[in-house]
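Everything below concerns the one structure shown next.
The values are calculated or read from the model by the stated rules, or taken from the named source; none is laboratory data. Computed from a predicted model, the values in this text were never measured in an experiment. Ideal geometry is used to build each Cβ from the backbone, glycine not excepted, and the neighbour counts take in all protein chains shown.
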Amino acid sequence: MTNTLPEALLAEIRRNRELLDAYREIGPVGAFAYAAISADIERAENVLASGDAIEMMRWLQTLRENE
């Protein structure tokens, strides 16, 4: 269980990286989802580094919606 917003965001970044592996494995069919999730991860990492709590909450929700 995560205790802080940055920890929760980092956990979702990790989960989304696992999704990337799944989309990579299915080949060209997963290319769009792979690109979209990659972009989401990059943005979330930048927000995490910035320390902006409002943006962290926004990106936490965005990453949680990825399947």
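Just one of (1) under 14 Å from the mean Cα position of the chain (by Cα); (2) exposed (fewer than 14 other Cβ atoms within 10 Å of the Cβ) fails for Thr62. It is (2).
How many residues, within segment 49-66, are β-branched (Val, Ile, Thr) and more than 13 Å from Asn16 (Cβ to Cβ)?
Going through segment 49-66, the residues β-branched (Val, Ile, Thr) turn out to be 54, 62.
Filter again for more than 13 Å from Asn16 (Cβ to Cβ), leaving 54.
Count: 1.
Across segment 3-30, the qualifying residues are those that are loosely packed, with under 12 Cβ neighbours inside 10 Å and of a type in the set (S, T, N, Q), and the one among them that is nearest to Val47 (Cα to Cα) is Thr4. Only one entry of Ile54, Ile37, Ile41 meets the criterion of being at pLDDT 95 or above and loosely packed, with under 10 Cβ neighbours inside 10 Å, and that entry is Ile54.
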